[in-house]
Structure formats: structure tokens, C-alpha cells
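The values are calculated or read from the model by the stated rules, or taken from the named source; none is laboratory data. None of these values were measured; they are calculated from a predicted model. For neighbour counting, all protein chains shown are included, and Cβ atoms are generated from backbone atoms with ideal geometry for every residue, glycine included.
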Amino acid sequence: MLTREQIAARVARELKDGFYVNLGIGLPTLVANYIPDGVEVVLQSENGLLGIGPFPFAGDEDPDLINAGKQTVTEIKGSSYFSSADSFAMIRGGKIDLSVLGALQISHKKGEPRGDLANWMVPGKMVKGMGGAMDLVAGTKRVIIAMEHVAKGEAKIVKECTLPLTGKGVVDTIVTDLAYMDVTPEGIVVRELAPGVTKHELVAQTKAPLLFAPDLQTMAV
Amino acid sequence: MLTREQIAARVARELKDGFYVNLGIGLPTLVANYIPDGVEVVLQSENGLLGIGPFPFAGDEDPDLINAGKQTVTEIKGSSYFSSADSFAMIRGGKIDLSVLGALQISHKKGEPRGDLANWMVPGKMVKGMGGAMDLVAGTKRVIIAMEHVAKGEAKIVKECTLPLTGKGVVDTIVTDLAYMDVTPEGIVVRELAPGVTKHELVAQTKAPLLFAPDLQTMAV
Amino acid sequence: MQKVYSDAESALKGLADGASIAVGGFGLSGNPENLITAVSKLGTKNLTVVSNNCGTTELGLGVLLKAKQIKKMISSYVGENKEFERQFLAGELEVELCPQGTLAERLRAGGAGIGGFFTPTGYGTQIAEGKETRIIDGKGYVLEKPLVTDFAFVKAWKGDAWGNLVFRKTARNFNPVAAMAGKITIAEVEELVPVGALDPDQVHLPSVYVHRIFQGKNYQKWIEQRTVREKK
Amino acid sequence: MQKVYSDAESALKGLADGASIAVGGFGLSGNPENLITAVSKLGTKNLTVVSNNCGTTELGLGVLLKAKQIKKMISSYVGENKEFERQFLAGELEVELCPQGTLAERLRAGGAGIGGFFTPTGYGTQIAEGKETRIIDGKGYVLEKPLVTDFAFVKAWKGDAWGNLVFRKTARNFNPVAAMAGKITIAEVEELVPVGALDPDQVHLPSVYVHRIFQGKNYQKWIEQRTVREKK
């Protein structure tokens with residue numbers, strides 16, 4: 001089983017030089033700490049910044065410079081600022097190469113190229129709002145879900161999402177503490193198992209059919 | 001009968017302090033020479049400038065600073081530049097107070113608040129394109145047509161436009177060498193006659209019904 | 001051209017109960033603080049507010065919410081405000097949740113004279129319920145409508161007396177599109193400069209969108225999540 | 001990040017006969033001169049070009065038209081080009097006329113993932129023929145579709161190695177929206193600067209829209225209508 005940090009590190013290996021990337025709040029944000037050497041990526045913040053830098057040094061915080069999680073950040077060289085309309089133009093327009101988000105539930109229907117995602121509300125609980133998540137999953141070229149495989153004993157990869165959807169047919173890849181999985185028209189294909197995790201354990205923790213890649217690997221961590 | 005300069009001067013009297021105005025190519029451009037004292041207006045150029053200044057002095061021409069007629073111009077203090085999409089956003093969005101254009105034909109249907117305009121093509125002749133005219137008439141708050149009342153002996157104010165329309169229900173006011181007319185749901189109302197022009201003459205030169213305002217004036221020139 | 005007002009109170013003339021207001025800002029960043037405070041003092045009621053967030057429980061638009069001046073919110077995320085939750089569950093507050101990009105585009109569309117647009121955002125979700133949907137080139141889209149409001153409140157870094165605005169860093173956010181959507185747009189600025197002081201190539205929002213402008217004061221510029229790293 | 005090319009020729013790799021290209025510029029102002037010249041030399045044929053104008057008979061895109069490299073033009077105004085008239089009347093050239101604001105918005109929509117939009121422009125005219133129309137709140141609108149092209153050619157004043165662009169005065173015009181619409185967007189700049197040399201608040205077009213960039217040379221920057229006034 002992977003730690004949250006290890007999940008983030010595995011996702012980071014999907015980054016390619018020159019990628020423009022949007023990282024969601026929480027676990028996905030950690031991906032920024034594991035960008036491979038020699039790979040230059042530009043992090044997008046949907047509130048209007050291309051080129052998020054690290055957190056500022058104490059005393060250097062600028063209330064005019066925050067990320068989408070309302071945290072104080074910095075800008076890198078080569079960054080640019082723009083309005084919310086311009087920010088979501090590039091998101092919806094497919095200009096962002098990769099978006100990493102968390103999930104409450106994921107499901108997949110055979111024949112569909114991508115999976116369904118629910119990550120914005122639980123009926124009966126207070127609705128906080130979807131923020132930019134619906135736009136991000138609808139628009140970015142590739143959507144990777146980074147999450148714990150099971151939440152409070154409940155499987156999150158399910159036959160059909162019962163929670164309200166964030167997007168229909170939007171998930172490309174799922175990275176959890178147990179495995180790396182690609183969504184394909186044939187089904188959810190397990191490509192890597194976390195060290196020490198068996199096929200049997202993974203299947204037991206998943207409420208949707210899984211396919212195992214012929215060249216199934218143990219994940220390098 | 002008014003000269004072209006006098007037509008422009010009459011249109012200029014419609015300008016109010018603080019107006020944002022777009023002037024078409026040709027006669028409408030002359031309106032800029034007659035802006036009343038104490039009235040501050042900002043001229044918009046649909047290729048991306050708010051705040052057109054006078055022509056440059058010889059030697060000061062800048063190929064990066066032209067108006068929509070591709071003429072070299074200057075910028076005034078308080079001006080701003082923007083993209084074509086942003087330019088037509090403000091035009092379509094009703095942020096421009098007044099647009100002045102020429103016409104080939106104008107007609108009006110009783111009951112409609114505004115008149116129809118044809119000014120971009122003559123079938124059988126080479127089509128040059130509508131440029132920004134269709135957007136301007138569809139979007140600006142008030143559209144004034146500045147033109148000669150008759151072209152080559154043919155009336156331009158007609159019962160129904162026979163030429164392809166630039167806009168349906170878009171003309172508010174018509175200023176010609178013969179008269180000043182407002183388009184109203186009741187019909188085209190003549191408010192001012194040019195000095196020396198009689199009602200009879202005006203009617204003879206117009207192929208659409210005209211109403212005369214109870215307080216019909218002789219135009220001050 | 002007379003657009004300069006002495007303060008927020010005078011710039012708000014004509015604001016009446018029941019008005020709709022588009023408000024710039026993302027979280028507490030880039031908020032029109034002076035205008036919000038002035039509306040709080042005025043006590044204007046039954047407002048419909050279009051804003052990405054609704055401040056926090058105690059700050060920003062949260063002040064108007066707490067005083068029950070807001071009848072309806074159109075937002076994408078309101079998780080930072082506990083009072084919002086209470087009023088919503090008690091049925092005291094109408095809420096229209098709108099995806100963030102759709103909200104920004106609807107405000108732009110309102111200012112740009114667009115009658116509606118097809119967006120892929122929310123297709124196949126409950127956001128699309130009751131809305132027209134359509135498959136275009138094999139992809140699902142939802143028809144979304146423009147937003148036009150009676151007033152817009154925006155905050156800029158610098159502005160000139162004609163209303164040309166320049167924003168600073170991510171404090172730009174929703175401010176330009178809120179300005180576009182307002183029938184009467186009021187801008188407050190940290191620094192009001194003379195006409196001609198701004199480089200025309202560097203104006204972020206042309207003056208045509210701003211009807212009233214004033215120099216703001218006592219900016220608090222709150223930080224919601226102060227995150228820092230250690231100097232090594 | 002590898003976006004910098006040595007010249008127009010190398011930046012054009014992959015451009016093939018039959019490609020569609022969005023080209024920035026208004027008249028001869030803000031034209032990607034180096035790219036147009038390079039395509040002229042390459043002799044690429046059957047191009048579909050989306051550009052507000054088609055240069056003049058001898059300059060700008062007119063060069064490609066004259067050499068019969070263009071199969072179809074999507075433009076709002078082509079009155080400055082006599083050869084255009086000849087080819088059009090002879091049936092050698094397909095033409096799609098599009099109102100200028102609609103053209104700009106279609107390019108933006110293509111880059112912004114909008115599937116279509118309702119515009120009041122052209123309602124009740126022959127531009128609306130064959131298109132869906134609709135009355136919204138009492139006003140007539142036409143549904144217009146986004147434009148996405150294989151390539152986009154844009155010209156900026158300054159650009160950095162990542163592709164952030166800054167334009168100068170009215171040479172900005174259609175360049176930002178052409179850049180948005182291109183699947184592969186190539187920018188030529190008068191001055192290529194190092195990453196970090198541009199103020200992030202003053203970038204007109206973020207680098208995400210630019211895939212290839214090079215320092216242009218020998219800019220002619222033609223003037224179509226040299227209009228001056230006398231010094232008094």
C-alpha cells in the first residue's frame with residue numbers, strides 16, 4: 001500500500017516536459033513535490049495564474065497572489081496572470097495537458113473510452129459547490145484521479161456512481177494506494193499493483209470489474 | 001441641401017459628454033471634426049482601440065497604429081488597446097453608445113421600433129464583405145445613418161429594402177443632406193428639414209411614407 | 001466625462017432593495033471591500049449576488065450574508081462560510097450553484113451580447129437538468145445563459161479617471177467579467193491615477209465597462225490560507 | 001520546454017497541402033510576415049485560410065492568393081485585393097464571408113471549448129440563412145459555430161521562449177484569437193526575450209496557446225492608408 005506521498009510521486013511520473021498541469025486541492029497538490037528532474041511543467045491555477053511557484057517564505061505572503069485553494073503561493077519565471085474567463089477558456093479549450101483530482105466515486109461503462117466521476121457532493125450533506133472541477137474534467141486533455149482506493153471501508157471504484165456526477169466519461173487514469181489503472185473501452189485495466197498488494201486484494205476492494213494487463217507490473221516506488 | 005461636412009456636423013450635435021462612439025468609414029468619419037466644445041467622447045476603432053486621436057504628423061505614422069479603415073491614426077490620453085474578440089464583445093454587448101454608418105437603402109415597417117439597413121453589398125457586383133458593420137448595427141445602443149438622401153437619382157429610403165440587409169430593425173435616426181429623421185413605431189418622423197428644402201421636395205425624393213413632426217424645425221447649420 | 005466619485009457611499013447612488021450585483025473576487029482576494037462595507041451600512045435588502053464565493057463567515061460578502069441582506073447567491077463554491085450553510089438549510093437563502101468556468105463565461109457573455117453558449121461543462125450531470133443539451137461533433141454540450149446584473153462591484157489595483165483598470169496578480173480573477181456584466185459598474189481602486197497615466201497597451205479592462213470609480217481606503221486584503229515555507 | 005525555432009521554415013514542419021490556418025492581422029497590420037513568406041516559398045497548396053482580410057493584391061496573404069495556394073478564405077472583408085475578385089468570379093476560390101465580430105468570437109470559441117454561441121449579429125440577414133436562429137428575451141439571435149484550425153500563424157511584438165506574447169497597439173487585433181484557435185500555433189516576434197523577462201501581469205497571451213516561436217526578421221510593416229496631418 002502506498003502513502004499519500006507515494007501516490008503523488010507515482011502520478012508525477014506521468015508528467016512530461018512542457019506539460020501544462022492543473023492540480024486539485026489536497027492529495028493532487030502533493031504531485032508538485034515530485035516533478036522528475038529535467039521535466040519542466042507549468043502549473044495552472046484556475047483563479048488566473050499559469051506558473052505557480054512554491055509557498056512564499058514567511059513574511060513574503062501576498063494577498064494578491066493565491067492559488068485555487070486560497071493558499072498564498074509565488075509565481076515562477078515565465079508565468080502569466082489572466083481573468084477567470086480566460087483561465088477557463090484554456091481549461092475548456094483543451095490547452096491544459098493534465099488535470100489531477102480526487103474522487104468520491106468512479107465508475108465505467110464498457111464501450112465508453114473514459115470513466116464517470118463523482119467528487120463534488122454527497123446528498124444530505126451540505127453542498128459546498130463544484131468550484132472549477134466540472135470545467136477541469138470536461139476540458140483538460142487527460143484526467144488522472146489520485147485517491148485512496150477505499151474510503152471508510154467503502155469502495156470508491158464502483159459499478160455505477162450513486163453520487164451526483166462531476167463529469168460523465170471524463171476519467172482516463174486512476175492512481176490509488178493499491179494500484180495504477182487506465183480506463184479503456186474494454187474496461188478498467190490494472191497496469192501496476194502497489195508493492196505487497198495482490199490481485200485478489202485489489203478485486204476485493206473494488207466494486208467494479210477489473211481487467212489485468214498482460215504485462216502487469218509491481219509499481220516502482 | 002447640406003454638404004457632407006454639414007451632415008457630419010449635424011450628426012455631431014447628437015454626441016453627449018462621456019459617449020463611446022464608433023464612426024464608420026467615409027462620411028461618418030467626418031463627424032470627429034465637429035465634436036462640440038465641452039463634450040468629451042471616446043472614439044472606438046473595431047480593430048482594437050478605444051480613444052482614436054487625429055491623424056499623425058508626417059513622419060510619425062506607426063504601422064502598428066491604424067483605424068478600421070486601415071488609416072494611420074494616433075492614440076489619445078486615456079486610450080486602451082485590446083483584441084478583436086474583446087473589441088466586438090463591447091460592441092455586441094451594447095457598451096458603445098452610438099454608431100454612425102452610411103447606407104445603400106433604409107426601410108421601415110410600421111409597428112417596428114427601428115428600421116432595416118442595407119449597406120454591404122449589391123448583388124451582381126463584387127462582394128467585398130461586411131467587415132464589422134453587422135456587429136455594429138446589432139450591438140450599439142443607437143445607430144445613426146449619415147448619408148446623401150438620394151444616390152444617382154435613386155431614393156435610398158424605400159418601402160422595403162431590395163438589397164441584402166446588414167441588419168433588421170437596427171436604424172434609429174437618419175441624417176441626410178435634406179433632413180433629420182427618427183425611426184419610430186409609428187413611422188419615419190421628419191424632425192428637421194435642411195435650409196431651403198420643402199416637405200414636398202423631401203417626399204418626392206423618398207420612396208417610403210414620411211411623417212412630419214408637429215414641431216418640425218428648419219435645421220440649424 | 002464624469003465618472004469619479006468621492007467614496008463608496010456616493011458611488012452607490014441608485015442601489016435599491018432587490019437589486020442584482022455581480023461582485024469580483026476569488027475567495028477574499030481582489031474583493032471590493034469598500035463597496036461591500038458601504039452596502040452593509042446602507043442595509044440594502046433582498047439582494048441577488050453573483051460571485052464565485054460568498055466570503056467567509058465573518059469577512060467579505062459574508063458580512064452581507066450574516067446581516068441577511070442577500071436573498072439569492074449565484075456561486076461556484078461557498079464552502080468557507082458556515083452561516084451560508086445555516087441559512088441555506090433553514091430555507092432562508094436561495095442558491096444557484098454554477099460551475100466556475102461557466103459562471104465566468106456567463107458573466108462575459110452578458111457583457112459581450114452573447115445570447116447563450118454551448119459548454120461541455122456539466123454535461124451528463126445534474127447541472128444540465130432542465131437545460132437544453134446537444135451533441136456537437138460527438139461531444140455533449142449544455143446551453144448556458146448570459147448573466148446581466150443591475151450593478152457590478154469590482155476592485156482593481158490602479159484605475160484612471162475614465163475607468164481604465166489594471167489588476168495585480170491573481171486579484172484580477174472575476175473582476176473583469178463582473179465589470180462586463182453590470183449595467184452600472186462601480187470600480188474601487190487602490191490608486192486612482194490621472195487620465196493618461198496608464199500605458200494603453202497595459203490596460204486590463206477598458207474604460208467603457210466602468211461607469212463609476214473611486215479611490216478605496218483602509219484595504220484589509222485578508223489572507224484565507226496563510227501557507228509559507230521555511231527559509232533553509 | 002522546447003518551443004523555440006530558428007526561423008519560419010523550421011517552425012512550419014508538418015504543414016501539408018490542404019491544411020487550415022488561422023492568420024492574425026488586420027489589413028497589413030500585425031501580419032506574420034515571415035510565416036507567410038515561408039509558406040510562399042514552400043508552395044503549400046489547397047490551404048483554407050481564416051483571416052479577417054486577405055492582404056492586398058501584392059502584399060501579405062495576397063502573395064499566397066496570387067500563387068493560387070489558397071483554396072478557401074474565411075474572412076469579413078476582402079475589398080483591398082483585386083486578384084481575390086478575379087479568382088472568386090472565376091470560381092477558382094471558395095469564400096465564406098463572416099461578420100468581423102462573429103469571426104473573432106468563433107476563433108475564441110474554438111480555443112475556449114465552446115460548442116457554439118448565439119449572436120445577434122446578422123439576424124434577419126442572408127448571413128443567418130441555413131443557420132439555426134432563435135428569439136431570446138425578444139431579440140433575434142443566430143447560432144454560430146467555433147473555428148478550430150490545423151495551424152495558427154501569429155505575430156507579436158515581444159515573446160519569451162515559453163511563448164508568452166505581448167502585442168503592440170492595434171497590431172494585436174486578431175492575433176490572440178487566431179492563436180487560441182490553432183491546434184499548432186506558431187508565433188513570430190519582433191523580439192524574442194528570455195523566460196522571465198516579461199512582467200506576468202502584462203502578458204497579453206499566455207504561453208499555453210503557443211506551440212512554436214521564433215524571432216522574425218526583415219519586417220516590412222506596410223502601411224495601407226498613409227494618412228497624416230500638417231504641422232501648424
Cross-chain or 6+ apart pairs with Cβ under 7 Å, the range A:145-162 first and touching a residue at least 60 places away in the same chain (Cβ under 8 Å), then surrounded by 13 or more Cβ atoms within 10 Å (Cβ to Cβ) and in a strand (DSSP E or B): A:146/A:100; A:146/A:175
Residue within the range A:105-126 that is within 24 Å of residue A:85 (Cα to Cα), in contact with an Asp or Glu (Cβ under 9 Å, 6 or more places away or on another chain), buried (at least 24 other Cβ atoms within 10 Å of the Cβ) and not aromatic (Phe, Trp, Tyr) present: no
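Residues checked against (1) under 15 Å from residue D:72 (Cα atoms); (2) among the basic types (Lys, Arg); (3) surrounded by fewer than 24 Cβ atoms within 10 Å (Cβ to Cβ):
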| position | (1), (2), (3) |
| --- | --- |
| D:85 | yes, no, yes |
| D:88 | yes, no, yes |
| D:93 | yes, no, yes |
| D:96 | yes, no, yes |
| D:102 | no, no, no |
| D:105 | no, no, no |
| D:121 | no, no, no |
| D:126 | no, no, yes |
Failed item, numbered, when residue B:183 is tested on (1) assigned to a loop (DSSP other than H, G, I, E, B); (2) away from chain D (no Cβ under 14 Å); (3) touching a Gly at 6+ places or on another chain (Cβ under 6 Å): (1)
Subset of the range B:30-85 (residues that are of a type in the set (Phe, Trp, Tyr), touching a residue at least 24 places away in the same chain (Cβ under 8 Å) and under 23 Å from residue D:231 (Cα atoms)): B:34
Among (1) within 12 Å of residue B:82 (Cβ to Cβ); (2) facing chain B (nearest Cβ under 9 Å) - the single one residue C:176 does not satisfy: (2)
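Would you confirm, using the coordinates I've provided, whether residue D:119 is modelled with pLDDT of 95 or more and under 16 Å from residue D:211 (Cα atoms)?
no
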Residues being surrounded by 24 or more Cβ atoms within 10 Å (Cβ to Cβ), part of a loop (DSSP other than H, G, I, E, B) and not hydrophobic (A, V, I, L, M, F, W, C) - total across the range B:131-167: 5
Any chance residue D:131 is buried (at least 20 other Cβ atoms within 10 Å of the Cβ), more than 14 Å from chain A (Cβ to nearest Cβ) and at negative phi: no
Within the range A:43-64, considering residues that are in contact with a Phe, Trp or Tyr (Cβ under 8 Å, 6 or more places away or on another chain), at the interface with another protein chain (Cβ under 7 Å from one of its Cβ atoms) and within 18 Å of residue A:23 (Cβ to Cβ), the one surrounded by the fewest Cβ atoms within 10 Å (Cβ to Cβ): A:46
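Just to check your reading of the model, which residue among A:59, A:48, A:18 is farther than 25 Å from residue A:119 by Cα and touching an Asp or Glu at 6+ places or on another chain (Cβ under 9 Å)? Outline the logic, then answer.
Numbers: A:59 fails: touching an Asp or Glu at 6+ places or on another chain (Cβ under 9 Å); A:48 fails: farther than 25 Å from residue A:119 by Cα.
Only one candidate qualifies: A:18.
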Members of the range C:52-81 that are away from chain A (no Cβ under 11 Å), in contact with a Phe, Trp or Tyr (Cβ under 8 Å, 6 or more places away or on another chain), buried (at least 21 other Cβ atoms within 10 Å of the Cβ) and assigned to a loop (DSSP other than H, G, I, E, B): C:60
Checking residue D:217 against (1) of a type in the set (D, E, K, R); (2) facing another protein chain (nearest Cβ under 9 Å); (3) in a loop (DSSP other than H, G, I, E, B), the condition it does not meet: (2)
Verdict on residue B:25 being surrounded by 20 or more Cβ atoms within 10 Å (Cβ to Cβ), in contact (Cβ under 8 Å) with a residue 12 or more places away in the chain and of a type in the set (A, V, I, L, M, F, W, C): no
Criterion (in contact with a helix residue (DSSP H, G or I) (Cβ under 6 Å, 6 or more places away or on another chain), in contact (Cβ under 8 Å) with a residue 40 or more places away in the chain, away from chain A (no Cβ under 14 Å) and closer than 26 Å to residue C:47 by Cβ) met by exactly one of C:182, C:159, C:110, C:163: C:163
Residues (free of Cβ contacts under 8 Å to residues at least 60 places away in the same chain and among the β-branched types (Val, Ile, Thr)) located in the range A:195-210: A:198, A:203, A:206
